[in-house]
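Reading through the structure tokens given below for one structure.
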Amino acid sequence: MAVADYDAAVPSGFYRPATLDADKFIHASPADQLTRVANKYYLDKKDVRLLHIDPSLVKAEIRWEPATGGLYPHIYGPLNLDAVVKVTPIFTGLDGKIRIEPAGDVALTG
């Protein structure tokens, strides 16, 4: 997620990306898919943060649904930011790739 998007969500306490209206859910990733997803969608982005989410604190419904690479958690409603337990920056390594060490079950990717 872009830092500007996160900062814009903080005053209301809820993250509501454009994809929620378009896709009817917020895209998220299981921990074991974070590096693949980050390299596919965020490699050319600057100022990106990874939101680590505690699924038990998410107020909207989470459905695990099939997508490329396996099952992914889709959040069917705005994400309440009090479900975010950690925010970490994403960096590109010297090889030009992103590597993310999984920490938790679910992370917001879009």
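Taken together, the values in this text are just the output of simple stated rules run on the coordinates, not laboratory data. Note that this is a predicted model, so its numbers are computed, not measured. Every residue, glycine as well, gets a Cβ built from its backbone with ideal geometry; the counts of neighbours run over all protein chains shown.
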**Message:** From the C-alpha coordinates alone, can you work out the Kirkwood hydrodynamic radius of the range 17-110, in Å?
**Reply:** 13.5 Å
**Message:** How big is the dipole moment of the chain about its Cα centre under a simple scheme where the beta carbon of each Lys and Arg is +1, that of each Asp and Glu is -1, and everything else is neutral? Debye, nearest 20, please.
**Reply:** 160 debye
**Message:** Quick check on the chain: helices-only [θ] at 222 nm, where DSSP H runs of length 4 and up contribute -39,500 (n - 2.57) each and the sum goes over total residues. Nearest 500, please.
**Reply:** -5000 deg cm²/dmol
**Prompt:** Given 0.36 nm per residue, what is the gain on full extension from ASP7 to PHE91 after removing their alpha carbon distance, in nm?
**Reply:** 28.4 nm
**Over the range 1-48: Kirkwood hydrodynamic radius from C-alpha pairwise inverse distances, Å** = 12.1 Å
**Message:** From the gyration tensor of the Cα coordinates in the range 34-81, what semi-axes in whole Å does the equivalent ellipsoid have, largest first, with each one equal to sqrt(5λ)?
**Reply:** 21, 16, 8
**Request:** Within the set of other residues whose C-beta is less than 10 Å from the C-beta of ILE75, count the net charge using Lys and Arg as +1 and Asp and Glu as -1.
**Result:** +1
**Message:** Can you compute 3J(HN,Hα) from phi for each residue in the range 51-63, using the Karplus curve 6.51 cos²θ - 1.76 cosθ + 1.60 with θ = phi - 60°, rounded to whole Hz and x for Gly and Pro?
**Reply:** 9, 8, 10, 8, x, 5, 9, 6, 7, 6, 5, 10, 10
